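Colleague: Sharing a structure with you now.
The values are calculated or read from the model by the stated rules, or taken from the named source; none is laboratory data. Owing to the predicted nature of the structure, the values given are computational and were not obtained by experimental measurement. Virtual Cβ from ideal backbone geometry, glycine too; neighbours counted across all protein chains shown. Please note that ligands, DNA and RNA were not included when accessible areas were found on the heavy atoms of the full protein model with its side chains. Shrake-Rupley method; radii C 1.70, N 1.55, O 1.52, S 1.80 Å.
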Amino acid sequence: MDKVRIDKWLWAARFFKTRNLAKQAIDGGKVHLDGARVKPSKDVEVGMQLTIRQGWDEKVVDIIALSDQRRGAPEAALLYLETEQSTTARTIKAEQRKAMGSLHGDTKPTTKQRRQIHRFKRINTQEP
């Protein structure tokens with residue numbers, strides 16, 4: 001096997017649960033091949049580099065094997081190799097998000113805070 005469609009490869013490598021989700025991510029600009037946007041029908045080859053954005057994370061992976069069949073996770077992990085810079089950047093960003101999480105407050109507003117929010121919105125939406 002010399003070439004595989006990029007949406008099939010992303011599905012087989014278990015980056016996305018379905019080919020349709022892989023296609024949507026590619027169409028949405030979340031997947032770049034060697035630094036450029038691609039179409040779902042683009043063929044990938046061994047040695048190409050993909051940048052995949054999933055949620056908060058951005059992974060840069062080198063394609064080291066091709067497959068168009070979805071297998072188990074251990075076999076899927078053998079299809080690519082994540083770059084060292086990508087791994088370190090993801091861990092640093094994850095730590096930063098974890099540290100910032102306590103500042104944002106993931107709780108619902110109290111009754112007093114909710115009243116203040118409503119009062120603020122009411123004052124700012126009224127025209128003079």
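Colleague: In this structure, is VAL46 within 15 Å of GLU82 (Cα to Cα), touching a strand residue (DSSP E or B) at 6+ places or on another chain (Cβ under 8 Å) and either in a loop (DSSP other than H, G, I, E, B) or among the hydroxyl-bearing types (Ser, Thr, Tyr) (or both)? Steps first, please.
Modeller: Working: within 15 Å of GLU82 (Cα to Cα): yes; touching a strand residue (DSSP E or B) at 6+ places or on another chain (Cβ under 8 Å): yes; either in a loop (DSSP other than H, G, I, E, B) or among the hydroxyl-bearing types (Ser, Thr, Tyr) (or both): yes.
Yes.
Colleague: Further question on the same structure: Taking VAL46 as the residue in question, decide whether it is open to solvent by 50 Å² or more (accessible area, probe 1.4 Å) and in contact with a Leu (Cβ under 8 Å, 6 or more places away or on another chain).
Modeller: Working: open to solvent by 50 Å² or more (accessible area, probe 1.4 Å): yes; in contact with a Leu (Cβ under 8 Å, 6 or more places away or on another chain): yes.
For VAL46, the condition - open to solvent by 50 Å² or more (accessible area, probe 1.4 Å) and in contact with a Leu (Cβ under 8 Å, 6 or more places away or on another chain) - is met.
Colleague: Can you tell me which residues in region 49-77 are hydrophobic (A, V, I, L, M, F, W, C), touching a residue at least 40 places away in the same chain (Cβ under 8 Å), part of a loop (DSSP other than H, G, I, E, B) and surrounded by 12 or more Cβ atoms within 10 Å (Cβ to Cβ)?
Modeller: LEU66
Colleague: Please go through region 5-42 and give me each residue that is more than 17 Å from GLU75 (Cα to Cα) and among the hydrophobic types (A, V, I, L, M, F, W, C), ordered by number.
Modeller: Selection gives ILE6, LEU21, ALA22, ALA25, ILE26, VAL31, LEU33, ALA36, VAL38.
Colleague: Can you pull out every residue in region 19-43 that is of a type in the set (D, E, K, R), in a loop (DSSP other than H, G, I, E, B) and within 23 Å of ARG71 (Cβ to Cβ)? Spell out how you get there, then give the answer.
Modeller: Going residue by residue through region 19-43, those that are of a type in the set (D, E, K, R) are 19, 23, 27, 30, 34, 37, 39, 42-43.
Filter again for in a loop (DSSP other than H, G, I, E, B), leaving 30, 34, 39, 42.
Listed by number, the list holds a single entry, LYS42.
Colleague: Search region 78-99 for residues being open to solvent by less than 90 Å² (accessible area, probe 1.4 Å) and over 17 Å from the mean Cα position of the chain (by Cα), and hand back the single one that is modelled with the highest pLDDT.
Modeller: LEU79
Colleague: Run down LYS59, LYS39, LYS3 and say which single residue is out of contact with any His (no Cβ under 6 Å at 6 or more places or on another chain) and under 23 Å from THR91 (Cα atoms). Steps first, please.
Modeller: Values: LYS39 fails: under 23 Å from THR91 (Cα atoms); LYS3 fails: under 23 Å from THR91 (Cα atoms).
Result: LYS59 is the single residue among LYS59, LYS39, LYS3 that is out of contact with any His (no Cβ under 6 Å at 6 or more places or on another chain) and under 23 Å from THR91 (Cα atoms).
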